[in-house]
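Structure, as structure tokens:
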Amino acid sequence: MALIEEFDNSGNWLFKRRSFIPLILYAFAVVVIMFSKDEFVLFTNIYWSMACLLICFFGLFIRVITIATTPIGTSGRNTKQGQLAEELNTKGIYSVVRHPLYLGNFLMWFGLFLFVGNFWFVIICSLLFWVYYERIMFAEEMFLRKKFGDDYLKWAKNVPAFFPKLNKWEKSELSFSTKNVLKREYSGFFASILSFSIVDFLKHYFYNDEFMLTQHWQIILPIGLLIYIVLRSLKKYTKVLEVKGR
């Protein structure tokens, strides 16, 4: 099999499993925490904790900007089964970067990598994510190139894949939809807070033999859980967050 087909096939395989494959890194993080106490900064330091969380939330913010202006049936609304695109996204955040959702995902994970606090863990996981997302992006772009031809090539020629060119910004044709963001991103928001809290708990347990959370996570985690429950309930039992065409 030629490399181009191999990359395409492996990228599509990873794409369909992209929701849970990164979770393997949790097991890696547990092992690192168990056997290494060489931290950048003490994990109980609130400033360090909030700095890592802000990096994570900056990634979430990039996802929010993307999802708030993405209609149904475009290149930003792929499914678990495979690629989906009735039209090509080229405006809004897609005018400055071709894969904003994956950029956001990486930053969300990168904040957590830093909070684990081991230099080699950060380097290895970042490299693994690069290879992982590179294959997925390759498969997506092969699909878009076949479907949209010259329109795709013209857009891709001027818009970088992963590192944004902010001076290329073009306003989105759709207005910002807060409801769409709340409907689609509440789980990622809570998963981020929960992940940081779990790392904090594991460090207390393995470092100090304590079953506890640092005080700021004792406050942040219940607030995040409450927000999650409210938004989950609104999505599941009402149509408050429904937006036509989104």
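The values are calculated or read from the model by the stated rules, or taken from the named source; none is laboratory data. Nothing here was measured: the structure is a model prediction, and the numbers come from that model. FYI the Cβ positions are ideal-geometry reconstructions off the backbone, even for glycines, and counts take in every protein chain you see.
Among the listed residues GLU170, GLU242, GLU210, identify the single one that is touching a Lys or Arg at 6+ places or on another chain (Cβ under 7 Å) and among the acidic types (Asp, Glu).
Exactly one of GLU170, GLU242, GLU210 is touching a Lys or Arg at 6+ places or on another chain (Cβ under 7 Å) and among the acidic types (Asp, Glu), namely GLU170.
Can you pull out every residue in segment 224-245 that is farther than 30 Å from GLU173 by Cα and either of a type in the set (D, E, K, R) or loosely packed, with under 11 Cβ neighbours inside 10 Å (or both)?
Hit for segment 224-245 is TYR237, nothing else.
Yes or no: GLU185 in a helix (DSSP H, G or I) and touching a Lys or Arg at 6+ places or on another chain (Cβ under 8 Å)? First the steps, then the outcome.
Values: in a helix (DSSP H, G or I): yes; touching a Lys or Arg at 6+ places or on another chain (Cβ under 8 Å): yes.
For GLU185, the condition - in a helix (DSSP H, G or I) and touching a Lys or Arg at 6+ places or on another chain (Cβ under 8 Å) - is met.
Looking only at segment 154-169, which residues are under 13 Å from ASN89 (Cα atoms) and either part of a helix (DSSP H, G or I) or not hydrophobic (A, V, I, L, M, F, W, C) (or both)?
Listed by number, the residues that qualify are LYS154, TRP155, ALA156.
Considering only residues that are over 15 Å from the mean Cα position of the chain (by Cα) and either assigned to a loop (DSSP other than H, G, I, E, B) or among the polar types (S, T, N, Q) (or both), look in segment 1-27 and name the one that is modelled with the lowest pLDDT.
MET1
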